[in-house]
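The values are calculated or read from the model by the stated rules, or taken from the named source; none is laboratory data. Because the structure is a prediction, the values reported are computed rather than measured. For neighbour counting, all protein chains shown are included, and Cβ atoms are generated from backbone atoms with ideal geometry for every residue, glycine included. SASA here: full protein model, heavy atoms, side chains in, ligands and nucleic acids out. Shrake-Rupley method; radii C 1.70, N 1.55, O 1.52, S 1.80 Å.
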Amino acid sequence: MKKMDALFKYWEDPNYVIVDSGQPDAIIEWLSKQTPETWHRVVMTWNYDQEDKVLSWILNQDKCDKGTAARVFDIEGLGHWLGDETLAKNPNHLCSIILNNWTRYGSDEFRHDPHDEKAILKRVQESMANGLYVGTPILDVVQYVGSRDAVSEFEAQDGKIVVAFEHWTKIKGIEITN
């Protein structure tokens, strides 16, 4: 089956959505019963225009993988946080949470595919030269690589938690031809 035809079937399937959008508390409750692998897949597919409550919950878990945190830092840091002294002083900002929790994250396995490694490293170095982030693990965060992809049957899609398309095609026995 062509991928687009399979996607239409996927989107029409009433069982592909696990938790609908606009329900951060329900998503957090659902995530609390999942593994760090699923948390990472959710972060990798998260729409960063959605509310930060879900991401904040993941980042405050001791079992959060460093790759999961590095992904959020990559998106949020490059997006607007790096170099902004006001945001840097906000302990509730996602990037501040990551820096404060970095050393307690127990796992460091997952790759996060940084958007622009050179740009984020350059901005961090410029900010550090200005005295920002001294004494934080910011260089460890932006230079984190990871060793493998997280595997999960679930992911995020526009603020929802859904069955991952690849998993859905497998359980439905659909082979993508193009």
So the check is Cβ under 9 Å with 6+ separation or different chains; which pairs have a first residue in segment 125-147 that's assigned to a helix (DSSP H, G or I) and a second one that's open to solvent by less than 90 Å² (accessible area, probe 1.4 Å) and aromatic (Phe, Trp, Tyr)?
SER127/TYR133; ILE138/PHE73; ILE138/TRP102; LEU139/TYR133; ASP140/TRP102; VAL141/PHE73; VAL141/TRP102; VAL142/PHE73
Test for GLY159: is it out of contact with any strand residue (DSSP E or B) (no Cβ under 9 Å at 6 or more places or on another chain), crowded, with 17+ Cβ neighbours inside 10 Å, modelled with pLDDT of 90 or more and on the phi > 0 side of the Ramachandran plot:
yes
Looking only at residues in segment 103-138 that are buried (at least 20 other Cβ atoms within 10 Å of the Cβ) and modelled with pLDDT of 90 or more, which one is nearest to the chain's Cα centre (by Cα)?
HIS112
If I filter segment 49-61 for residues that are in a helix (DSSP H, G or I), free of Cβ contacts under 8 Å to residues at least 60 places away in the same chain and among the acidic types (Asp, Glu), do I get at least one hit?
no
If you go through segment 64-79 one residue at a time, do you hit one that is within 19 Å of ALA150 (Cβ to Cβ), surrounded by fewer than 18 Cβ atoms within 10 Å (Cβ to Cβ), of a type outside the set (A, V, I, L, M, F, W, C) and at pLDDT 90 or above?
no
Scanning segment 10-39 residue by residue, those open to solvent by 40 Å² or more (accessible area, probe 1.4 Å) and either over 19 Å from the mean Cα position of the chain (by Cα) or more than 30 Å from ASP108 (Cβ to Cβ) (or both) turn out to be TRP11, GLU12, PRO14, ASN15, VAL17, ASP20, SER21, GLY22, GLN23
Exactly one of GLY77, GLY67, GLY106 is without any contact (Cβ under 8 Å) to a residue 60 or more places away in the chain and more than 23 Å from ALA26 (Cβ to Cβ), and that one is GLY106
